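First up is the structure itself, then whatever we jot down about it.
All of the numbers you see were taken from the coordinates with simple rules; none came from a lab. Note that the coordinates shown come from a computational prediction; the quantities given were computed from them, not determined experimentally. All Cβ positions, glycine included, derive from the backbone under ideal geometry; neighbour counts span all protein chains shown.
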Amino acid sequence: MTIEMIIKLCLALLFGLLIGIDRQIKQKQLGIRPCMVISIASCLVTIVSVEAFGKFGGPTHPNMDPMRLAAQIVSGVGFIGAGVILRRSNEVISGLTSAALIWSASALGITVGAGFYLEAACAVILLMSAVNFIPYLIKTLGLPTLNRHEISIKIVVESNYRMTELIKMIERRGQNEKSKKEEYKIRHLKIKDIDDNRQLINMVLSVPEDQYTTEIYYYIKKIDHVLSVEIENL
């Protein structure tokens, strides 16, 4: 039974990783870490639910539902996890991994409380691997589509009719003729008029992981008609 339990948790990690890679390639907010964490914790709660019935319920305790309280704990802690998810003004969502880990911590507490110590220990190892080791391994492999991060940029430009060219220059930054792996990708774009006939460009840019924020700042700063630049790592 122990081997079967470990196989279930490892498969949950693997399938969560596959979903996370798909989301990461498409530059969605739900990335590799939260997908793996949620998958592992869900598998753990399911294992405990199945095993707890045989341990605490059944014919010897016909009127007892051992996982009723656990279900309420999982639902209640979900509200705490939701509290750490932030949606910023630039449409970027952060805190998903932290929320998933908070929910997973409740699953671990339930598992230990029910007396399934080996299952809890195995889940902790897989959760720590999902948050730290596996993303580092993927980063080490150097897959361009996965080794990217997002930055928020606010650009104030003087009134001109070359704004489209400016945006194209930012997108083509770092791109060469042989490869597009360094190409910047605009995830969100918002343009509005401000005082003195100036425009404010708000954008979320997906850039390679090894790209320094200062390089991007000075590059944009030197573009014609740009008056000021503000950059934030997300």
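Give, as a single signed number, the net charge of other residues whose beta carbon lies under 12 Å from the beta carbon of residue 165, with Lys and Arg counted +1 and Asp and Glu -1. Provide the component values of the computation, followed by the final result.
Values: positive: 162, 168, 172; negative: 171, 224.
With Lys, Arg at +1 and Asp, Glu at -1, the net is +1.
Taking the Cα centre as origin and putting +1 on Lys and Arg beta-carbons and -1 on Asp and Glu beta-carbons, what dipole magnitude results for the range 148-233, to the nearest 20 debye?
300 debye
Could you sort out which of 26/154; 168/222; 26/222 sit more than 22 Å apart by Cα distance in this structure?
Details: 26/154 24 Å; 168/222 15 Å; 26/222 31 Å.
Pairs exceeding the cut-off: 26/154; 26/222.
Taking the Cα-to-Cβ direction at residue 42 and at residue 223 and moving 7 Å from each Cα, how far apart do the two end points lie in nm?
Simple spin-label model gives 4.0 nm for this pair.
Kindly rank 39-47, 205-213, 115-123, 102-110 from highest to lowest mean number of other beta carbons found within 10 Å of each residue.
Final packing ranking: 39-47, 102-110, 115-123, 205-213.
Mind giving me the nanometre distance, one decimal, between the label points for residue 94 and residue 213, set 7 Å out from Cα along Cα→Cβ?
0.9 nm
On full extension of the chain, what length is gained from residue 73 through residue 234, given 0.36 nm per residue of separation minus the C-alpha to C-alpha distance?
Value of the extension gain: 54.8 nm.
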